[in-house]
Amino acid sequence: MSGTHLGMPSFPEAARDAVHDPTLRGNLRHATHTIRDKRARAVAELDDWARLREAGKRIKDHTLRYLDRYLVRVEEAVTAAGGTVHWAADAEEANRIVADLVKATGESEVVKVKSMATQETGLNEALEAEGIRAYETDLAELIVQLGGDRPSHILVPAIHRNRGEIRDIFRSEMGEWGRPAPEGLTDTPAELAEAARLHLREKFLRARVGISGANFMVAETGTLVVVESEGNGRMCLTLPETLISVVGIEKIVPTWRDLEVFLQTLPRSSTAERMNPYTSMWTGTTDGDGPRTFHLVLLDNGRTDTLADEVGRQALRCIRCSACLNVCPVYERAGGHAYGSVYPGPIGAILSPQLRGTGSEIDASLPYASSLCGACYEVCPVAIDIPEVLVHLRERVVQGGPAVRQGNRVVLKPARGHAAERAAMRAARWAFTHPGALRAGQRLTSRTRRLHPRTLPGPGRAWSGSRDLPEVPAEPFRDWWQRTRDGKDGAK
């Protein structure tokens, strides 16, 4: 199962099926409303939330501006602390590096901390092709893996599942992956959590290789940080002999003091907690404590291209809190799978088309997967103006896709889809630059208004199916103005 899910239908087509699934909509509505209400209360406790938000934005913007310098500093610090740094230009290279590192240990199993970066690269599938089995240890990721499913939320990957579905998955699938579910397992949260704990414990104790991502990297010391709520991450980060961390190059913060800001804003925005139950930090290797070997794989995979876009680069501020998903009316109804990416919701609608380009049907449609209500911007703890980037990317799609280098030339990729929109804009431009033709068209439209349909034909039905088309007036405005004003006041 690819981490990018390319080849999926466009968002409108995928969402059409999702909105007709009452179980899915019920699960999403209950979960998102619960999380966002708790978040609002947690944020309201801080009098300086607006200043923290602005500080987070400035720290991220500063880091992105000098990213080349901070990346070199991270490499130097990690190396000095006993780690090894690898550079991966794309998903394929990152997966190859990790697979080679695992094979070098002689192991055929790895345990994993929840990681968006490795989902993005499709690491689990790449390791499986090399004969290596990866076990997800985050509870929600475990549910997704056992169910042969895909994540649908950044914070709660199994948000589309209810307790009854999870119980059935545990009963039928746990035995194929290790310790089976207890007899008579019910759907109570305590029993489900205990079943997962027993199932995972043997994997933690047996594993010799752990794989993680990181929420942050501190440039001045080369320290990596993982925040979580369950403790599984800490088990993966401390018990194995070898630790491999795959981290996007944008996850850097310059100093420990900068980290203080995000350790306040991230938990409140994601889990609505004042602080994360588990905040694990490690710097290279230490004799007698934790893994003996540490590898850091720095992942680009489209981030450098995104950084070159003055409007779109703000998406790289994202700290993966998922607050924007929980307030988005589109996500609440369509769910995460319709986005065709490991990054669903509003942030996915701007991040995926930049990391992957807009050449596919799904990526060309994602900037349109929004009502532009602005709720996502209001809750973002690093002030990403998602509506601004959505409009910017829509312009890119209509104009012909992203700029790409071909030899010594920079050209636009051919646009896919939205041909009718471009044709309509060209027709409107011609009409507005030919006043005589515009007036004749307005008069013709008014005189034939009784013959006009109530809905639009063809693809237009999707818009007019739930809206009334505006009534055409009996006479054009210009004719009315000339008749009532007798051609005065500048009427032409």
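The values are calculated or read from the model by the stated rules, or taken from the named source; none is laboratory data. All of these numbers come straight from a predicted model, not from anything done at the bench. Using ideal geometry, Cβ is built from the backbone for each residue, glycine included, and neighbour counts are taken over all protein chains shown. Quick note on the areas: whole protein, heavy atoms, side chains included, nothing else; ligands and nucleic acids left out. Shrake-Rupley method; radii C 1.70, N 1.55, O 1.52, S 1.80 Å.
Worth pointing out:
- Some residue of the range 144-165 being of a type in the set (A, V, I, L, M, F, W, C), farther than 29 Å from GLY106 by Cβ and assigned to a helix (DSSP H, G or I): no
- Qualifying position, being of a type in the set (A, V, I, L, M), in contact with a Cys (Cβ under 8 Å, 6 or more places away or on another chain) and open to solvent by less than 10 Å² (accessible area, probe 1.4 Å), among ALA315, ALA349, ALA323, ALA334: ALA323
- The range 85-118: number of residues that are without any contact (Cβ under 8 Å) to a residue 40 or more places away in the chain and touching a Lys or Arg at 6+ places or on another chain (Cβ under 7 Å): 1
- Residue within the range 29-43 that is modelled with pLDDT under 95, closer than 21 Å to MET217 by Cβ and either open to solvent by 30 Å² or more (accessible area, probe 1.4 Å) or of a type in the set (Gly, Ala, Ser) (or both) present: no
- Of the criteria (1) modelled with pLDDT of 90 or more; (2) small (Gly, Ala, Ser); (3) within 30 Å of ASP305 (Cβ to Cβ), which one ALA81 fails: (3)
- The number of residues in the range 240-274 that are over 30 Å from ASN124 (Cα atoms) and either among the aromatic types (Phe, Trp, Tyr) or more than 23 Å from the chain's Cα centre (by Cα) (or both) comes to 7.
- Neighbours by Cβ (under 6 Å, 6+ apart or cross-chain): first from the range 69-81, free of Cβ contacts under 8 Å to residues at least 12 places away in the same chain and farther than 16 Å from VAL247 by Cα; second open to solvent by less than 90 Å² (accessible area, probe 1.4 Å) and of a type outside the set (D, E, K, R): none
- Test: residue in the range 132-152 that is open to solvent by less than 10 Å² (accessible area, probe 1.4 Å), in contact with a strand residue (DSSP E or B) (Cβ under 8 Å, 6 or more places away or on another chain), in contact (Cβ under 8 Å) with a residue 60 or more places away in the chain and under 29 Å from ARG268 (Cβ atoms): yes
- Among (1) among the hydrophobic types (A, V, I, L, M, F, W, C); (2) open to solvent by less than 30 Å² (accessible area, probe 1.4 Å); (3) touching a strand residue (DSSP E or B) at 6+ places or on another chain (Cβ under 8 Å) - the single one TRP87 does not satisfy: (2)
- Among the residues of the range 183-203, those that are in a helix (DSSP H, G or I) and open to solvent by 50 Å² or more (accessible area, probe 1.4 Å) comprise PRO189, ALA190, GLU191, GLU194, ARG197, ARG201, GLU202.
- With respect to the conditions (1) in contact (Cβ under 8 Å) with a residue 40 or more places away in the chain; (2) buried (at least 23 other Cβ atoms within 10 Å of the Cβ); (3) closer than 30 Å to VAL19 by Cβ, GLY122 lacks only one, and its number is (2).
- Those helices (runs of 4 or more DSSP H) lying entirely in the range 21-138 with at least 2 residues within 19 Å of ASN215 (Cα to Cα): 49-65, 67-80, 91-105, 116-121
- A search for C-beta distances below 6 Å between a residue of the range 204-224 that is in a strand (DSSP E or B) and any residue that is among the basic types (Lys, Arg), counting only pairs 6+ apart in sequence or on different chains, returns ILE211/LYS112; PHE216/LYS251; MET217/LYS251.
- Within the range 426-452, the set of residues being touching a helix residue (DSSP H, G or I) at 6+ places or on another chain (Cβ under 9 Å), surrounded by 12 or more Cβ atoms within 10 Å (Cβ to Cβ) and not polar (S, T, N, Q) comprises ALA431, ALA437, LEU438, ARG439, GLY441, ARG443.
- Complete set of residues in the range 44-54 that are surrounded by 14 or more Cβ atoms within 10 Å (Cβ to Cβ) and hydrophobic (A, V, I, L, M, F, W, C): LEU46, TRP49, LEU52
- Within the range 453-467, residues that are surrounded by fewer than 11 Cβ atoms within 10 Å (Cβ to Cβ) reach partners that are not in a loop (DSSP other than H, G, I, E, B) with beta carbons closer than 8 Å, at six or more positions or on different chains, in the pairs ARG454/SER464; PRO459/ALA420.
- Residue match in the range 404-424 (condition: at pLDDT below 75 and farther than 30 Å from LEU307 by Cα): yes
- Given (1) more than 20 Å from ASN276 (Cβ to Cβ); (2) crowded, with 23+ Cβ neighbours inside 10 Å, number of the condition PRO180 does not satisfy: (2)
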